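Before any comments, here is the structure.
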């Protein structure tokens with residue numbers, strides 16, 4: 001996707017993106033790594049950040065050089081905090097599951113596992129794009145506006161598409 005976006009930029013805009021990348025990549029990586037304490041997550045954040053930089057290069061190129069870098073740092077920090085918060089929510093969900101009482105009925109435990117297995121199988125029948133949307137909405141608890149921004153659609157389209165996907169998942173689960 002970034003290659004497609006880059007091909008639509010002017011030579012001047014390409015030069016600005018290239019300069020930002022060459023001169024500030026390590027600085028941006030360090031910012032993300034300090035927030036996330038993970039090299040691989042920081043690299044993922046930078047991939048997303050540079051996509052956003054490319055998408056917003058029109059605004060960025062109108063700014064003075066120090067403001068360009070500040071704008072880019074905001075993009076990096078915002079994405080790093082989104083990832084951090086999503087990871088924190090997942091960790092909290094796991095802790096809640098781990099803290100469930102041990103005396104749960106074995107039948108309930110079995111039913112829960114079977115339901116999760118069936119849901120996993122049903123999810124595998126969806127397209128990769130549909131699975132991605134479901135994960136963003138229900139695992140990472142992203143708002144429709146955030147999903148829309150990530151997937152390049154309107155918030156209304158993200159909401160409608162999610163409803164269609166959920167209906168499709170329900171049909172898959174019912175057909176068993």
Revision key, fill the gap. Taking 50, 21 and counting other beta carbon atoms within 10 angstrom, the fewest-first order is 21, 50
Review point. Over what distance in Å are the Cα centres of region 130-176 and region 25-79 separated?
Key: 27 Å
Check your understanding: Which order results if 134, 17, 45 are arranged by neighbouring Cβ count within 10 Å, fewest first?
Key -> 134, 17, 45
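Counting other beta carbons within 10 Å of each Cβ, put 128, 43 in order, fewest first.
If I rank by nearby Cβ atoms, fewest first, I get 128, 43.
Every read-out reported here was derived from the displayed coordinates using simple, explicitly stated rules and does not represent laboratory data. Owing to the predicted nature of the structure, the values given are computational and were not obtained by experimental measurement. Note that we place each Cβ from the backbone using ideal geometry, even for glycine, and neighbour counts take in every protein chain shown.
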